[in-house]
1. If you take just the strands (runs of 3 or more DSSP E) that sit entirely in the stretch 147-216, which of them hold at least 1 residues that are within 19 Å of ILE119 (Cα to Cα)?
2. Among the residues that make up the stretch 142-152, is at least one of them surrounded by 17 or more Cβ atoms within 10 Å (Cβ to Cβ), of a type outside the set (A, V, I, L, M) and either in contact with a Cys (Cβ under 7 Å, 6 or more places away or on another chain) or within 25 Å of ARG204 (Cα to Cα) (or both)?
3. Can you find a residue that is under 29 Å from PRO65 (Cβ atoms), more than 15 Å from the chain's Cα centre (by Cα) and not small (Gly, Ala, Ser) anywhere in the stretch 103-112?
4. Name the residue that is nearest to VAL138 (Cα to Cα), counting only residues in the stretch 164-202 that are touching a helix residue (DSSP H, G or I) at 6+ places or on another chain (Cβ under 9 Å) and of a type in the set (A, V, I, L, M, F, W, C).
5. Kindly provide the set of residues from the stretch 69-101 that are of a type in the set (Val, Ile, Thr) and surrounded by 16 or more Cβ atoms within 10 Å (Cβ to Cβ), ordered by number.
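Each value in this text was obtained by applying a stated rule to the coordinates, not by laboratory testing. Since the model is a prediction, treat every value here as computed from it, not as a measurement. Virtual Cβ from ideal backbone geometry, glycine too; neighbours counted across all protein chains shown.
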Amino acid sequence: MRIWCVVACVTGLALGAEPCGAVGINLGWDYCGPTAGSNKDFACDNNAGADSFVVSFVPPSGLPPIYLVGCRVRISTYGGAILPDWWRLHATGCRSSSLTVTVAPGASAGVCDTVPSVISGWTYFVSGSDAWQALLGVETGPMAPGVELTPGREYFLARVRLNHARTVDGDSCAGCSVRMLLDLPVVELSDSQGFPISMYNADRQQTITWQAGLVPVISRSWGQIKGLYRR
């Protein structure tokens, strides 16, 4: 996978930087655009169905034709707890076949534009049994001879689908109900010469949550409930 050179704020200085608030990157559940969700709750009571989150970006002006697009998504527990088996989606993990990445948006495109790209590679990395986070890397392209992006328009980059397999029953993977953070540190663009343009700032949101809306149903004091969510 390409090693990207990270540059200041939003874009390479040679392009003429835009104000940071004029462009940005987005992460959201279900859809691309303003209707994207910021949290996803699942009762963890069956193995059917799936949930998806979408990566998108609003480019700056002055870009050359874009040849490759990539991103990094960080998936972590609250408070540094060990990553649960349910989120071990790498090749040797408990749910190794439960994650797919696509650039075919379908209904999830929402109001966003799309680019004629293909998935050229993606990885899901967990450093070990005591890891507290996973890193998902996605790269799309090449889009020869390059695609002109319109400044101010939001572009769909990729949709990541998490199925519910192995949530319950005998071969289940523990930890579906654990509260999680998913954040998008960077979206990376490149022209046909390999010149990197890295985007770090949020347009609307670059962090989403999993199971942040669930309320314990057993009887607890208010102090005990607050303790469950203390970071």
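1. On the way: elements: 155-163, 180-190, 196-199, 207-210.
Once the strands (runs of 3 or more DSSP E) in the stretch 147-216 are filtered for at least 1 residues that are within 19 Å of ILE119 (Cα to Cα), what remains is 155-163, 180-190, 196-199.
2. Taking every residue of the stretch 142-152 in turn, none turns out to be surrounded by 17 or more Cβ atoms within 10 Å (Cβ to Cβ), of a type outside the set (A, V, I, L, M) and either in contact with a Cys (Cβ under 7 Å, 6 or more places away or on another chain) or within 25 Å of ARG204 (Cα to Cα) (or both).
3. Yes, because at least one residue in the stretch 103-112 is under 29 Å from PRO65 (Cβ atoms), more than 15 Å from the chain's Cα centre (by Cα) and not small (Gly, Ala, Ser).
4. Result: ILE197.
5. VAL69, VAL73, ILE75, THR77, VAL101
Yes/no per residue for (1) more than 18 Å from the chain's Cα centre (by Cα); (2) without any contact (Cβ under 8 Å) to a residue 60 or more places away in the chain:
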| site | (1), (2) |
| --- | --- |
| TRP122 | no, yes |
| GLU148 | yes, no |
| PRO151 | yes, no |
| PHE156 | no, no |
